[in-house]
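Below you'll find the structure, written out as structure tokens, and then a few comments.
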Amino acid sequence: MAEPVLTIREVTKNYQLGKTIIPALKGVSFTIDTGDFLSIVGPSGCGKTTLLNILGCIDKPTSGSVHFQGRDLATLNDDQEAEIRLNEIGFIFQSFNLIAVLNIRENIEFPLLMRKVGSKERQKIVDHLVDVVGLGEFVKHKPDELSGGQRQRVAIARALVNRPRLVIADEPTANLDSVTSTIIMEVMKRLNEEEKVSFIFSTHNALIEKYATRIIRLKDGLIVGEN
């Protein structure tokens, strides 16, 4: 049986606010397998973003364990975690996080430059992803010349450019209308199926829950249901 992409066991996360301890996660456990298209659903403040930050090696849990492809993240140093973020995990943010001074091709290509990938290979990879997300005619545009949906498609292509094992999307349709949200989810679902990349995304938008193959329901830092 294949090793899970992620194994999460009894993860907690507390924040200190003055003398008060605020529990954001209270003992969360589940696994993510290759090819999963998993949605974490819950109201604002339930711990979704905190959980995604821990899974993406951006934050550390207060207690519990997270194993990425069998590696205990607690045993890794900062450089090793940065290596995983660069090479193994793609991120899609609700605010897009594109670089304003770069055009679309340059934004997608940027992670490859950080890995010192050769120019011919970069062109091949970027051309493929530009075609997949349907932005071929916009490659020389800057982000502020695109619609919200187009910018999110650029962000999806950038997240996939290093061929990660896992893509983490935090409220990827939060700033989009319902029609554009559906288009974005269709793109993500197609890439999940064609590129065999595992996706985990958070949402409180019931419209896009239907795309998930698994749904974890989070409330007050606890899993209250899964289907």
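Percent relative contact order of the stretch 99-142, based on C-alpha pairs within less than 8 angstrom and at least six residues apart? Show your work: numbers first, answer last.
Numbers: 23 pairs, mean separation 28.2, N = 44.
About 64 percent, as a whole number.
Between Glu193 and Ile21, the modelled label-to-label distance comes to 4.7 nm, taking each label 7 Å out from Cα in the direction of the beta carbon. Among Thr7, Thr20, the order by Cβ neighbours within 10 angstrom, fewest to most, reads Thr20, Thr7.
Full extension of the segment from Thr34 to Thr75, taken as 0.36 nm per residue of separation minus the current Cα-Cα distance, would add 12.5 nm.
The distance between label points at Val139 and Arg217 comes to 4.6 nm (points 7 Å beyond Cα on the Cα→Cβ vector). Could you work out the longest stretch of the chain that avoids the trypsin sites (Lys or Arg not before Pro) located in DSSP loops with at most 15 other Cβ atoms within 10 Å? Here the longest segment lacking exposed loop sites spans 20-114. For the stretch 170-227, a crude dipole built from +1 on the beta carbon of Lys and Arg and -1 on the beta carbon of Asp and Glu, taken about the Cα centre, is about 180 debye to the nearest 20. According to the Kirkwood relation over distinct C-alpha pairs, the hydrodynamic radius of the chain is 18.1 Å.
Neighbour counts of C-beta atoms inside 10 Å place Glu109, Glu209 in the sequence Glu209, Glu109, starting with the fewest.
Helix 104-114 axis versus longest C-alpha principal axis of the chain: approximately 60°, rounded to the nearest ten. Counting beta carbons within 10 Å around each of Ser39, Ser147, Ser181, Ser65 and listing the fewest first gives the order Ser147, Ser65, Ser181, Ser39. Suppose a student asked you for the relative contact order of the chain, using Cα pairs under 8 Å spaced at least 6 residues apart; what percent would you report? Once normalised by length, the contact order is 30 percent. Take every Cα pair under 8 Å whose residues are at least 6 apart in sequence, average their separation, divide by the length of the stretch 128-226, and the relative contact order is 23 percent. For the chain, the Cβ-based charge dipole about the Cα centre amounts to some 180 debye (Lys, Arg positive; Asp, Glu negative; other atoms uncharged).
Rounded to the nearest 10 degrees, the inclination of helix 178-195 to the longest alpha-carbon principal axis of the chain is 90 degrees. For the Cα atoms of the chain, what angle does the longest principal axis make with the long axis of helix 119-132, in degrees from 0 to 90, nearest 10? Compared with the principal axis, the helix lies near 80 degrees.
Quick check: Cα centre of the stretch 136-167 to Cα centre of the stretch 58-100, how many Å? What the calculation gives is 21 Å, centre to centre. Ranking Pro4, Gly56, Ile21 by how far each Cα lies toward the positive end of the dipole of the chain (charges on Cβ) leaves Ile21 at the top. Under 17 Å from a label point set 7 Å out along the Cα-to-Cβ vector of Lys120, no amide N atom of the stretch 151-168 is found.
Can you give the charge dipole size of the stretch 121-226 about its Cα centre, rounded to the nearest 20 debye, using +1 on the beta carbon of Lys and Arg and -1 on the beta carbon of Asp and Glu?
Values: 16 positive and 16 negative charges, 55 e Å.
It works out to roughly 260 debye.
Values quoted throughout were computed directly from the atomic coordinates according to the rules given, and no laboratory measurement underlies them. The structure displayed is predicted, hence computed values, not measured ones. As a convention, Cβ positions derive from the backbone with ideal geometry for all residues, glycine included, and neighbour counts pool all protein chains shown.
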